[in-house]
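**Student:** Submitted below is the structure of interest, expressed as structure tokens.
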Amino acid sequence: MTTGSSSTSRSTGISTFKGQTRALSADRLGTGGLLLSVLAATAPLMVVAGVMPTTFAVMGIVGQPLLFVVLGVVLVLFSVGYAEMSRHVHNAGAFYAYIARGLGGTAGAGAALVALVAYSALQVGIYGIFGFEVSGLLATYADTEVAWWIPALAAALVVGALGWLKVDVNARVLGVLLVVEVALVVIFDVAVVADPAAEGLSLHAFNPDTLSGAGVGTALCFCIAAFTGFEQAPVYAEETSRPHVLVPRVMFLAVSFVAVFFAISSWAYTVATGPSAIVGTAQKESAGLLFGLTESRLGGTFTDVLHILFVTGMFAALLSFHNVVARYAFAMGREGLLPGAFGRTAGASGAPGTGSLLQTVVSVVVVIAFAVADDRPTGDPTGPVMHLFTWMGNAGALGVILLMAAASFSVVVFFVRRGAVGAQAGRLAASSLAGIALLVIAGYTVKDFDVLVGAGAGSSLSWVLPGIIALALVCGLVQGLALRAGKPEAHARIGLGNEAFQLEKAAEDTP
């Protein structure tokens, strides 16, 4: 039945308005497309070229490869319960939907705003390093001086345009970029194994003794940020044909691949320089460590290509995070946590257009703000351009760690309430262990935040930046409480996604 320009689909029970719907288009992603979309957010080359040398240099921890193995185990434990939850809840607002279904609608509202802010911060932060790297490439290869914020703004507009397109188009773009950059890192790893330093193919970096010292906790914070992205698979559940099968499969494939890939690549660094020299070499070379090692083993042409793929890998991560933020905004708009316009798709593309537009505007405004504050010469990496990357990136990573911890405990509560303790005992134990481990890592992150962002001891940044996540949580909880008091029907819908609207349609059709 049609009234004016609005209607309700008889086949899905999902309301529509002028070609827009409150559901994301299904059957757009298979295992491959979903896996590539998720892995692109981990930005493998950015981690290998940026995070790993920084962790070696700043923390002085030789056993970084072992840290990736340990974190891989923790995140596999997390995935056990998280993946099982994905079989029962299909919602583009995955984290907050899971938390709402376990810990209640108010907690879900708090988690929703934390997720929106955290993933937005992660994406916006990458624009800083992206702009700086593109500016450097233009200076090196085109002899052209361009301020970092120009390519950053251009990227924001291109990402925003792609955000309006179908997610399967995005998956193809992400897939090509991801496969090539992973291939280049694998070539580097093989070259190092074939030509190790004087200490040979030493496995010293996997020795537990290498994890002693005060820097281990902060190194954990650096390394777990490298995994950020694998947990995004459930965000796309509505856009797959068999979410109960594909989402768990992709999650385990993603976290396993990332753990093994990063462990081997960080081990390759220690082989390339020798375990005894890796810290000193990283302190000397900084972010140029990977490129210096490839230059000596694989030549200048390979290194030039690696520089370019470093940039395209960051672009892939920008696009992947943009997609996730847009889908969180869509889910929140559909459930009354954001204005209703966010809860409708963009016509024929089936993409969450309003959420995509919001993230584009936020990105442009933040980049412009940092550009105005940048009084450093072009090519200087110590100014606001790098602050944008480190400040936003670490604040976002803290938010995601807290969301993972809350989701772990929510899984336990969800199945306990359903009387499934016996059937899910193993999964509940895994979720509990993961939740405790993630809370410990979150504690270290807050404690050492001044180190993570390169601020001095006692700097206000050590509480202002984590305070952004805390403020988002408080505002979300207040909104949840207000909805429970003033609009209990809206509060009851938090985390239900399409299910709520299908129930409403069934009620309307009942005589």
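The values are calculated or read from the model by the stated rules, or taken from the named source; none is laboratory data. As the structure is a computational prediction, the values presented were derived from the model and not from experiment. Positions of Cβ are generated from backbone atoms using ideal geometry, with glycine treated the same way; all protein chains shown enter the neighbour counts. Just the protein is used for accessible areas: all its heavy atoms, side chains included, with ligands, DNA and RNA removed. Shrake-Rupley method; radii C 1.70, N 1.55, O 1.52, S 1.80 Å.
**Student:** Could you please find all residues in the range 201-215 being open to solvent by 20 Å² or more (accessible area, probe 1.4 Å) and at pLDDT 80 or above? Walk me through it before giving the result.
**Tutor:** Kept after step one, since they are open to solvent by 20 Å² or more (accessible area, probe 1.4 Å), are these residues of the range 201-215: 201-204, 206-209, 211-214.
Those that are open to solvent by 20 Å² or more (accessible area, probe 1.4 Å) and at pLDDT 80 or above: LEU201, SER202, LEU203, HIS204, PHE206, ASN207, PRO208, ASP209, LEU211.
**Student:** Name the residues in the range 413-448 that are open to solvent by 50 Å² or more (accessible area, probe 1.4 Å) and not in a helix (DSSP H, G or I), would you?
**Tutor:** ARG418, GLY419, VAL421, GLY422, ALA423
**Student:** So which residues in the range 191-200 are closer than 23 Å to PRO44 by Cβ and surrounded by 12 or more Cβ atoms within 10 Å (Cβ to Cβ), if there are any at all?
**Tutor:** Here is the first cut: in the range 191-200, the ones closer than 23 Å to PRO44 by Cβ are 191-196.
Hits for the range 191-200 are ALA191, VAL192, VAL193, ASP195, PRO196.
**Student:** Checking the structure you have, find out if any residue of the range 349-360 is of a type outside the set (Lys, Arg), open to solvent by 10 Å² or more (accessible area, probe 1.4 Å), under 30 Å from LYS487 (Cα atoms) and not in a helix (DSSP H, G or I).
**Tutor:** Looking for residues that are of a type outside the set (Lys, Arg), open to solvent by 10 Å² or more (accessible area, probe 1.4 Å), under 30 Å from LYS487 (Cα atoms) and not in a helix (DSSP H, G or I), one finds none in the range 349-360, hence no.
**Student:** Taking THR218, is it farther than 16 Å from GLY32 by Cβ, in contact with an Asp or Glu (Cβ under 9 Å, 6 or more places away or on another chain) and modelled with pLDDT of 85 or more?
**Tutor:** Details: farther than 16 Å from GLY32 by Cβ: yes; in contact with an Asp or Glu (Cβ under 9 Å, 6 or more places away or on another chain): yes; modelled with pLDDT of 85 or more: no.
Taking the combined requirement at face value, the residue does not satisfy it.
**Student:** Out of the range 74-91, which residues are open to solvent by less than 10 Å² (accessible area, probe 1.4 Å) and touching a Leu at 6+ places or on another chain (Cβ under 6 Å)? So that I can check it myself, show each step before the final result.
**Tutor:** So the first thing to find is which residues in the range 74-91 are open to solvent by less than 10 Å² (accessible area, probe 1.4 Å), and the list is 75, 78-79, 81-83, 85-86, 89, 91.
Result: no residue meets the conditions.
**Student:** Of all residues in the range 48-73, count the ones that are open to solvent by 10 Å² or more (accessible area, probe 1.4 Å), of a type outside the set (Val, Ile, Thr), part of a helix (DSSP H, G or I) and more than 20 Å from SER256 (Cβ to Cβ).
**Tutor:** Taking the range 48-73 and keeping what is open to solvent by 10 Å² or more (accessible area, probe 1.4 Å), we get 50-51, 54, 57-60, 62, 66, 69-70, 73.
Now narrow it down to the ones that are of a type outside the set (Val, Ile, Thr): 50, 57, 59-60, 66.
Add one more test, that the residue is part of a helix (DSSP H, G or I), and what stays is 50, 57, 59, 66.
Now narrow it down to the ones that are more than 20 Å from SER256 (Cβ to Cβ): 50, 57, 59.
Within the range 48-73, residues that are open to solvent by 10 Å² or more (accessible area, probe 1.4 Å), of a type outside the set (Val, Ile, Thr), part of a helix (DSSP H, G or I) and more than 20 Å from SER256 (Cβ to Cβ) number 3.
**Student:** Say we look at the range 418-434 and pick out the residues that are out of contact with any Leu (no Cβ under 8 Å at 6 or more places or on another chain) and touching a residue at least 60 places away in the same chain (Cβ under 8 Å); which of these is farthest from ARG101 (Cα to Cα)? Walk me through how you get there before you give the answer.
**Tutor:** We begin by selecting, within the range 418-434, every residue out of contact with any Leu (no Cβ under 8 Å at 6 or more places or on another chain); these are 418-420, 422-429, 432.
Those still in the list that are touching a residue at least 60 places away in the same chain (Cβ under 8 Å) too: 424, 426-428.
Numbers: GLN424: 17, GLY426: 20, ARG427: 17, LEU428: 15 Å.
Ranking the candidates gives GLY426 first.
**Student:** Picking from LEU290, LEU298, LEU337, which residue would you name as being touching a residue at least 12 places away in the same chain (Cβ under 8 Å), hydrophobic (A, V, I, L, M, F, W, C) and not in a helix (DSSP H, G or I)?
**Tutor:** LEU337
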